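Read the structure below first, then the notes.
The values are calculated or read from the model by the stated rules, or taken from the named source; none is laboratory data. Just so it is clear, the model here is predicted, and its values are computed rather than measured. Note that we place each Cβ from the backbone using ideal geometry, even for glycine, and neighbour counts take in every protein chain shown. Heads up: the accessible areas ignore ligands, DNA and RNA and are worked out on the full protein's heavy atoms, side chains in. Shrake-Rupley method; radii C 1.70, N 1.55, O 1.52, S 1.80 Å.
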Amino acid sequence: RFQQEARVVASLRHPNIVHVRNCFLAHNTAYLVMNYEPGKNLGRYIKKRQGGLSTNFLMTVFPPLLDALDLLIVNRVEAAFYAGSTLQVPLLTTLGPEGVDFDGLHHPSFPVDVASTHGAGDMFVGALAARVIAGEAITAAIPFAQAAAALHVASGAEEREALTPGRVVAFLDRQSRR
């Protein structure tokens, strides 16, 4: 899975994303080989200032990073932060068990008995990304991602290992017959 994700990252070409040259597994460790880019470590910079960043800094550093995005996935608190901004990136707002909002439409979630919500967002984002990378439009990929997240939260830890795209499609078929 790491190598699949690393290959996707390696395929990105943008002036504000460090290029990944190679990825490999050796000695039970995953490695990314990236270009060296001179400059400061953003994480250390933010930590040193204890999160206190000037508006000038934020408006200089982050818009070029956001320019590299095709979609920004946020929760409802983050969506409120971006409301009224000049952000030119489409927002997909996750609403937990209520579903998601995207492009002016509400997409309700699938009702399931919840075993644990741990990892639900990761499953949703991963499933959405997989479908979009495969060429599906975001709006068309949302139901698949929601179904994957629904199956994830309804499953125990061991069952989650057995989740496949085929099981998600079967779940969607059952839901459409209701």
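Below, the figures for the structure above:
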quantity: The stretch 69-79: number of residues that are part of a helix (DSSP H, G or I) and touching a residue at least 24 places away in the same chain (Cβ under 8 Å); calculated: 0
quantity: Qualifying residue in the stretch 155-162 (condition: more than 27 Å from A80 (Cβ to Cβ), open to solvent by less than 40 Å² (accessible area, probe 1.4 Å), out of contact with any Gly (no Cβ under 9 Å at 6 or more places or on another chain) and among the hydrophobic types (A, V, I, L, M, F, W, C)); calculated: no
quantity: Helices (runs of 4 or more DSSP H) fully within the stretch 118-172 counting 1 or more residues that are under 15 Å from the mean Cα position of the chain (by Cα); calculated: 120-133, 138-154
quantity: Yes/no for F144 being open to solvent by less than 40 Å² (accessible area, probe 1.4 Å), touching a Leu at 6+ places or on another chain (Cβ under 8 Å), without any contact (Cβ under 8 Å) to a residue 40 or more places away in the chain and not aliphatic (A, V, I, L, M); calculated: yes
quantity: Residue in the stretch 1-48 that is farthest from the chain's Cα centre (by Cα), counting only those that are assigned to a helix (DSSP H, G or I) and of a type in the set (S, T, Y); calculated: Y45
quantity: Selection within the stretch 56-74 - open to solvent by 60 Å² or more (accessible area, probe 1.4 Å) and either closer than 27 Å to P97 by Cα or at pLDDT 85 or above (or both); calculated: L69, D70
quantity: Qualifying residue in the stretch 51-68 (condition: closer than 28 Å to I142 by Cβ, free of Cβ contacts under 8 Å to residues at least 60 places away in the same chain and assigned to a loop (DSSP other than H, G, I, E, B)); calculated: yes
quantity: Matching entry among L58, L65, L25, L72 (being of a type outside the set (K, R) and more than 30 Å from A149 (Cβ to Cβ)); calculated: L58
quantity: Residue check for R167: farther than 18 Å from T93 by Cβ, in contact (Cβ under 8 Å) with a residue 12 or more places away in the chain, of a type in the set (D, E, K, R) and crowded, with 16+ Cβ neighbours inside 10 Å; calculated: no
quantity: Sole exception among (1) open to solvent by 50 Å² or more (accessible area, probe 1.4 Å); (2) over 19 Å from the mean Cα position of the chain (by Cα) for L53, by number; calculated: (1)
quantity: Any pair with Cβ under 8 angstrom, 6 or more apart, that starts in the stretch 1-27 at a residue that is among the aliphatic types (A, V, I, L, M) and surrounded by 10 or more Cβ atoms within 10 Å (Cβ to Cβ) and ends at one that is part of a loop (DSSP other than H, G, I, E, B) and at pLDDT below 75; calculated: L12/A68; I17/A68
quantity: Any hit, the stretch 125-132, residues being open to solvent by 50 Å² or more (accessible area, probe 1.4 Å), farther than 20 Å from E5 by Cβ and touching a helix residue (DSSP H, G or I) at 6+ places or on another chain (Cβ under 7 Å); calculated: no
